[in-house]
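Here the structure is laid out as structure tokens; the discussion comes afterwards.
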Amino acid sequence: MHVIVVCHTEYGYVKNKEVIYEEKGVDGVRRGVHNLIAIADRYGAKITFVVMPETAEHFPKNVGKHEVGLHIHSGWVEKRYKTFRWYVGDKYLMEHCKVSVNSAFLQDLNYKDQLTLIETGKDYLCDIFKVDPRVFVAGRWSENNDTVNALVNAGFTHDLSACPYQKSSSTSDWSKLPRICMPYHPSIENYQEKGDLPLWIVPVSQFFPFGNVSPEEVPYVGLSSLKACFLEYYKQNLPLFHIYLHSPSMTDIWFCSIVDELLSFISKRNVQFIVASQITDYGKTNPRTDLFPYLARPDGGFITILTRLKKMKASLTKETLMTEIPRAYSSRNT
Ligand SMILES: [Zn+2]
């Protein structure tokens, strides 16, 4: 089985086990990337870093066997959550691209605007790192048919933005994909259907009953849910397991210990850690739901599972507790 670990590289820090994406959190890139590489190296794991152009100057110039790809947050939006306030968007792209709509969701932008952001971001990463990024993640998982077409035309080969099963209002939609979904070529008419575009869509692994396999879900669902999900995939010989996280979480000792334990657990099995651009055709697979690993875990009791389900819901409603206000960009307001 192949395992990929995808790190969205952004500014920010951790407060009470939650990632706050504030621009002043430069350590979210500097220390976060450094710490994650140190943990990964212990287990021979490779990391696919998808880098926001605005953070590139703080990202190490040479990451050896790990990989650099592109991560795009469009627009310029002020976010408020509890007592925190920050801006979502990419300063570099704001200063170097002219697009017609101010939206944090790529799917609100027309084809031309999406292509402009993707090409500008790619060229900048090429200049800084002297490598041609091939893999991509859309901010907030927001895509449409124009996004996949723009990615193909800009020379990308792997898109890691799919969260199967999930739909958050009208801003991102991956609800047509089954929970367990292996890489596929999208159709030109519908990015959620199989077709023949020369791009791999590589969905994030999903635990039962729903939720991304990410260390950042552990405060809500427990590490045992992620381990159980890995076993669910592993025991039926599925070819790929896909974990994702954000670099600021790796500035926090608790999240670092979670990632360490998860990679240690996975590395004891017969797996190969690869970077995302190495993914090729796995042939036909027949994934099925297997509840046994979830029920067999030490804390798999019925009451614990009910409590966990409640917490999962809390994790999902977190987004709705945030307010978002589109703002005019000015280099002074960060
Ligand atoms: Zn992001």
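Just so you know, in the range 139-159 the residues that are of a type in the set (D, E, K, R) and within 16 Å of the ligand (Cβ to nearest atom) include one that is modelled with the lowest pLDDT, and it is R140.
Against the conditions (1) more than 30 Å from T55 (Cα to Cα); (2) in contact with a helix residue (DSSP H, G or I) (Cβ under 9 Å, 6 or more places away or on another chain), N286 satisfies every one except (2). Of the residues making up the range 294-312, at least one is more than 29 Å from H34 (Cβ to Cβ), in a helix (DSSP H, G or I) and either modelled with pLDDT of 95 or more or within 19 Å of the chain's Cα centre (by Cα) (or both).
Can E189 be described as touching a residue at least 40 places away in the same chain (Cβ under 8 Å) and either within 23 Å of V50 (Cβ to Cβ) or in contact with an Asp or Glu (Cβ under 8 Å, 6 or more places away or on another chain) (or both)? Considered against the rule, which asks whether it is touching a residue at least 40 places away in the same chain (Cβ under 8 Å) and either within 23 Å of V50 (Cβ to Cβ) or in contact with an Asp or Glu (Cβ under 8 Å, 6 or more places away or on another chain) (or both), E189 comes out as no.
Which residue, of T157, T116, T147, T171, is under 20 Å from T280 (Cβ atoms) and hydroxyl-bearing (S, T, Y)? Matching residue, one of T157, T116, T147, T171: T157. Of all residues in the range 129-151, those that are over 19 Å from T9 (Cα atoms) have Cβ atoms under 9 Å from Cβ atoms of residues that are open to solvent by 50 Å² or more (accessible area, probe 1.4 Å) and hydroxyl-bearing (S, T, Y), 6 or more apart or on another chain, in N145/Y111; D146/Y111; T147/Y111; N149/Y111; A150/Y111. Among the residues of the range 142-161, those identified as under 17 Å from the mean Cα position of the chain (by Cα) and either of a type in the set (G, A, S) or under 17 Å from A276 (Cα atoms) (or both) are S142, V148, L151, F156, T157, H158, D159, L160, S161.
Cβ-Cβ distances below 6 Å connect the following pairs, each with a first residue in the range 1-18 that is closer than 17 Å to I253 by Cβ, a second residue that is at pLDDT below 95 and away from the ligand (no atom under 15 Å from the Cβ), and a separation of six or more residues or different chains: K17/P219. Here the condition is being among the polar types (S, T, N, Q) and at pLDDT 85 or above; of T320, T285, it holds for T285 alone.
Give me the residue from the range 94-138 that is among the small types (G, A, S) and surrounded by fewer than 23 Cβ atoms within 10 Å (Cβ to Cβ) and, out of that set, nearest to the ligand (Cβ to nearest atom). So, considering only residues that are among the small types (G, A, S) and surrounded by fewer than 23 Cβ atoms within 10 Å (Cβ to Cβ), the one nearest to the ligand (Cβ to nearest atom) is A104.
Taken over the range 109-123, the criterion of being touching a strand residue (DSSP E or B) at 6+ places or on another chain (Cβ under 9 Å) and over 19 Å from S277 (Cβ atoms) is satisfied by Q114, L117.
Checked against the criterion of being within 15 Å of the ligand (Cβ to nearest atom) and on the phi < 0 side of the Ramachandran plot, the candidates K61, K79 yield just one match: K79. Filtering the range 214-258 to residues that are open to solvent by 10 Å² or more (accessible area, probe 1.4 Å), modelled with pLDDT of 95 or more and not in a helix (DSSP H, G or I) leaves Q236, N237, P239, Y244, H246, D252. Evaluate the range 20-27: report whether one residue or more is within 14 Å of the ligand (Cβ to nearest atom), open to solvent by less than 20 Å² (accessible area, probe 1.4 Å) and either at pLDDT 95 or above or not basic (K, R) (or both). Yes, because at least one residue in the range 20-27 is within 14 Å of the ligand (Cβ to nearest atom), open to solvent by less than 20 Å² (accessible area, probe 1.4 Å) and either at pLDDT 95 or above or not basic (K, R) (or both). Out of all the residues in the range 185-197, which are touching a His at 6+ places or on another chain (Cβ under 7 Å) and assigned to a loop (DSSP other than H, G, I, E, B)? Those that are touching a His at 6+ places or on another chain (Cβ under 7 Å) and assigned to a loop (DSSP other than H, G, I, E, B): G195, D196, L197. Kindly indicate whether A162 is in contact with a helix residue (DSSP H, G or I) (Cβ under 6 Å, 6 or more places away or on another chain) and either crowded, with 20+ Cβ neighbours inside 10 Å or modelled with pLDDT of 90 or more (or both). So A162 does not fit the description; no.
The values are calculated or read from the model by the stated rules, or taken from the named source; none is laboratory data. In this text the structure is predicted, and so the values were computed from the model without any measurement. FYI the Cβ positions are ideal-geometry reconstructions off the backbone, even for glycines, and counts take in every protein chain you see. Areas reflect the complete protein model, heavy atoms only, side chains present, ligands, DNA and RNA absent. Shrake-Rupley method; radii C 1.70, N 1.55, O 1.52, S 1.80 Å.
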